[in-house]
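What follows is a short report on a single structure.
The values are calculated or read from the model by the stated rules, or taken from the named source; none is laboratory data. Here the structure is a predicted model, which means the values were calculated and not measured. Neighbour counts are summed over all protein chains in view; Cβ atoms, including those assigned to glycine, are modelled from backbone coordinates with ideal geometry.
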Amino acid sequence: MKINEHYNLYDYQAWDFIADAEIDFFLGNVVKYLARYPYKNQSIEDLEKALDYFTHPACRVLSPEKWVYKQPYINKFIEQFADGQRLLLIEALSPLANKETFKELIYKELALYGVNK
């Protein structure tokens, strides 16, 4: 299987984290797109996809119980990222995650790429 470069940047890969933390399809895609967006030619598209998945009605944030139980995996995963990426991942994975707050954070990140929403 061919693995793209942007997936080899970290010791703890997004798909391993998603499996270990038992994250559902929608939130798993948010994690995937946030983990790779700075390293692909599709940064804007990946940020927009993360927003689409996170704001989808079927996307469920982690319950407080699951968040506490999965905290070692979450910490191990997010510590690999730079501040902007880390902030987005923390918000997406928080049991207190708010779709409007996440949207504002994505819009701020998109502004860095010259996209104003």
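Go over the candidates Pro95, Pro64 one by one and state the one that is out of contact with any Leu (no Cβ under 8 Å at 6 or more places or on another chain) and modelled with pLDDT under 95. Step by step, each of Pro95, Pro64 is checked, and only Pro64 is out of contact with any Leu (no Cβ under 8 Å at 6 or more places or on another chain) and modelled with pLDDT under 95.
Within segment 19-69, being over 17 Å from Leu87 (Cβ atoms), buried (at least 21 other Cβ atoms within 10 Å of the Cβ) and either in contact with a Gly (Cβ under 6 Å, 6 or more places away or on another chain) or of a type in the set (Val, Ile, Thr) (or both) holds for one residue alone: Ile23. Listed by first and then second residue, the pairs linking a residue in segment 89-105 that is free of Cβ contacts under 8 Å to residues at least 12 places away in the same chain and among the β-branched types (Val, Ile, Thr) to a residue that is part of a helix (DSSP H, G or I) and buried (at least 19 other Cβ atoms within 10 Å of the Cβ), with Cβ atoms under 9 Å apart and 6 or more places separating them unless they lie on different chains, are Thr101/Glu91. Residue-level check: of (1) modelled with pLDDT under 95; (2) loosely packed, with under 15 Cβ neighbours inside 10 Å, Phe81 misses just (2).
Remark: pairs (first residue in segment 37-53, part of a loop (DSSP other than H, G, I, E, B); second residue surrounded by 18 or more Cβ atoms within 10 Å (Cβ to Cβ); Cβ separation under 8 Å; 6+ apart in sequence or on different chains) = Lys40/Asp46.
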